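Reviewing the structure listed below.
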Amino acid sequence: VGGITLTAQAENTGGTDSAGTSADGSLVFDRDDFTKKTESIADASGTEHSVTYRFYKARDYVTHPSDSGHQSLVVSVPVTIDGKAVDASNAPIVLANAVGAYMPSTVADATGVGQAKLEMTGMGGGTGDPMPSGMPSGGTGGGMAGGTGAVNGMVNLAKLALVAGYVVVEPGTRGRSLTDSSGTYYGTAPAVIVDLKAAVRYLRANKGRVPGNVERIVSTGTSAGGASSALLGASGDSEIYEPYLRQAGAADASDAIFATGAWCPITDLEHADGAYEWNWGTLPTQSTGKTVDQNVSKELRSQFAEYQASLNLRGLKGSRFGKITARNYADYLLEHYLRPSATKYLAALPASERETYLAENTFITWQNDRAVFTWEGYLAHVARRKKTQPAFDAFDLSAGENNEFGEGTTKARHFTAYSARNDTTGLSGKRVDSDIPEKLKLMNPMFHLLEERNPHRSRHWWIRLGTSDTDTALTVAANLAMAVDNLGDEVDHAYYWDKGHATNEDPGDFFKWVAEVTG
Ligand code: DHB
């Protein structure tokens, strides 16, 4: 791919032009190109408000989109809420991605806020392929398509952000199922992060033209979208994306963001198989009711122990546990997350309901208004693992993540040495392809945090996970939280008791936190 001349520069803040953003291939945000809309939108506590806002329909955020149906964004700016004027000209910008399952998302046809659609067709249906159960089907045509909220356990963060007075930007993104006319996969890794970065660069290049404060971009996302949000936060201004961003024709501007919200991030993929077996390895599988191969489980678990020890992570906020290893991790999770989460849940119940819950869940002892239980008790309570084994790099290449690491006309590839060695599809090499190590860096926030200690990362982190979410190990989110905490960043990490995948139980608290950290 030859060099591409950008037609919009970061310094181009002239403001007199009203050119479209894509008609001439430029990345100039036309602030006059909006429609005014009024909608009733419920806030985080469920109260409806009449919101009048400017809606800027889809516009490309790169000059050379390989697919402008996905590489475009919409912007919503509150003007009045319940008749009261809102000045959002310098408000924080909530960048709400709609990514799920590493599949494509689009805002091309959106006519208002919170209409981003996740495209779940053509996912393939291997046994390891994620069917995000927390994602209610929605939108038209059933399927898995739904708004930004649909990927977030019925919570539409884009709408909630708008009614909270923020500028809301919803980007579409390429995803793993996309192929061009020659059958080439063009939405696999690292397309999703390249696109999110390009969207951020577009906003920053349009500083002064685009409504809101581009120095206060807060990213949100759930599951694969949570992973992408965390990666966006961790990798700000990293040079390793430069060739991809140049090829797409991204604006020449910073892609650093201010704060990161990540719900149940499905990240650190190359280590997630080991973590999964360490966490859920003894539980029967949801689909078959059968326990997985315990020899494989043991091998993967020992990989996790080695990996975890190598991270040198200390428990959050000066925890008494010191370095967290496979040995003390269960106790750390119990003390810092699981018991407090159960305690909060039970304390909020009326006494009679609490008693009923405790009678049905005898693994919990209610002592001095606190829930006490063991790791084994907790595991038995969760009861089932969602995924087969290995959970992410399937021996038969059937996992969604195998597709995420597809390349060229090859739909699915191995990305761990262990699964490549144990491949059952008749691969000749039994090794990962030579480009895989670089792709893993491009996709893993832990690389940017632990190896690079990236100074341009976001410094504020909101991380959430349901305690019954077996889409990945609990350690994935907890390690992410420790990584940023140990670097000195501010992190708010908590678990929702008895909640499954892609749930969001405290969006009101999230927006309170956003106001605090951006204030
Ligand atoms: C998602 C769920 C998964 O189990 C997975 O492996 C990847 C992504 C999701 O819900 O986005």
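The values are calculated or read from the model by the stated rules, or taken from the named source; none is laboratory data. Given the structure is predicted, the values throughout are model-derived calculations rather than measurements. Reconstructed Cβ throughout: ideal geometry from the backbone, glycine too, with neighbour counts over all protein chains shown.
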Pairs under 9 Å by beta carbon, first residue touching a residue at least 24 places away in the same chain (Cβ under 8 Å) and assigned to a loop (DSSP other than H, G, I, E, B) in segment 503-516, partner charged (D, E, K, R) and surrounded by 14 or more Cβ atoms within 10 Å (Cβ to Cβ), six or more apart or different chains?
Thr503/Arg464; Thr503/Asp469; Asn504/Arg464; Glu505/Arg464; Glu505/Lys499; Asp506/Arg464
Looking across segment 465-481 at residues that are assigned to a helix (DSSP H, G or I) and not small (Gly, Ala, Ser), the single one that is nearest to the ligand (Cβ to nearest atom) is Val476
Scanning segment 101-136 for residues that are polar (S, T, N, Q) and within 13 Å of the ligand (Cβ to nearest atom), which turns out modelled with the highest pLDDT?
Ser105
From the list Arg384, Arg320, Arg431, exactly one residue is touching a Pro at 6+ places or on another chain (Cβ under 7 Å) and either more than 20 Å from Met123 (Cβ to Cβ) or in contact (Cβ under 8 Å) with a residue 24 or more places away in the chain (or both). Which is it?
Arg384
Counting only residues that are more than 15 Å from the ligand (Cβ to nearest atom), among the aromatic types (Phe, Trp, Tyr) and crowded, with 16+ Cβ neighbours inside 10 Å, segment 365-398 contains a total of 4
Considering Val484, Val432, which residue is crowded, with 19+ Cβ neighbours inside 10 Å and assigned to a loop (DSSP other than H, G, I, E, B)?
Val432
Here is a list: Asn479, Asn486. Which entry is touching a strand residue (DSSP E or B) at 6+ places or on another chain (Cβ under 6 Å) and at pLDDT 95 or above?
Asn486
Going by the conditions given, is Ala98 closer than 30 Å to Thr179 by Cα, in a loop (DSSP other than H, G, I, E, B), under 22 Å from the mean Cα position of the chain (by Cα) and modelled with pLDDT of 95 or more?
yes
Could you tell me which numbered condition Gly426 fails, if it satisfies all but one of (1) buried (at least 24 other Cβ atoms within 10 Å of the Cβ); (2) over 22 Å from Gly100 (Cα atoms)?
(1)
State the number of residues belonging to segment 185-239 that are more than 16 Å from the ligand (Cβ to nearest atom), within 16 Å of His448 (Cβ to Cβ), in contact (Cβ under 8 Å) with a residue 60 or more places away in the chain and of a type in the set (A, V, I, L, M, F, W, C).
2
In segment 161-193, residue farthest from Ala101 (Cα to Cα) [restricted to those that are small (Gly, Ala, Ser) and in a helix (DSSP H, G or I)]:
Ala161
Picking from Glu335, Glu401, the residue that is within 16 Å of the ligand (Cβ to nearest atom), assigned to a helix (DSSP H, G or I), within 30 Å of the chain's Cα centre (by Cα) and not polar (S, T, N, Q) would be Glu401
Go through (1) modelled with pLDDT of 95 or more; (2) within 13 Å of the ligand (Cβ to nearest atom) and name the single condition Ala150 misses.
(1)
Residues of segment 204-219 being within 20 Å of the chain's Cα centre (by Cα) and either hydrophobic (A, V, I, L, M, F, W, C) or not in a strand (DSSP E or B) (or both), in sequence order, are Ile217, Val218
How many residues of segment 240-281 are part of a helix (DSSP H, G or I) and either in contact (Cβ under 8 Å) with a residue 40 or more places away in the chain or under 20 Å from the mean Cα position of the chain (by Cα) (or both)? The answer is 18
Cross-chain or 6+ apart pairs with Cβ under 8 Å, segment 352-378 first and touching a residue at least 40 places away in the same chain (Cβ under 8 Å) and closer than 14 Å to Ser341 by Cβ, then not small (Gly, Ala, Ser) and not in a helix (DSSP H, G or I):
Tyr378/Phe363; Tyr378/Thr467
Thr356 fails exactly one of the following numbered conditions: (1) of a type outside the set (A, V, I, L, M, F, W, C); (2) part of a helix (DSSP H, G or I); (3) within 16 Å of the ligand (Cβ to nearest atom). What is the number of that condition?
(3)
Residues of segment 294-317 satisfying the condition of being closer than 20 Å to His493 by Cα and touching a residue at least 40 places away in the same chain (Cβ under 8 Å):
Gln308, Leu311, Leu313, Arg314, Gly315, Leu316, Lys317
How many residues of segment 1-52 are at pLDDT 85 or above, loosely packed, with under 15 Cβ neighbours inside 10 Å and part of a strand (DSSP E or B)? The answer is 7
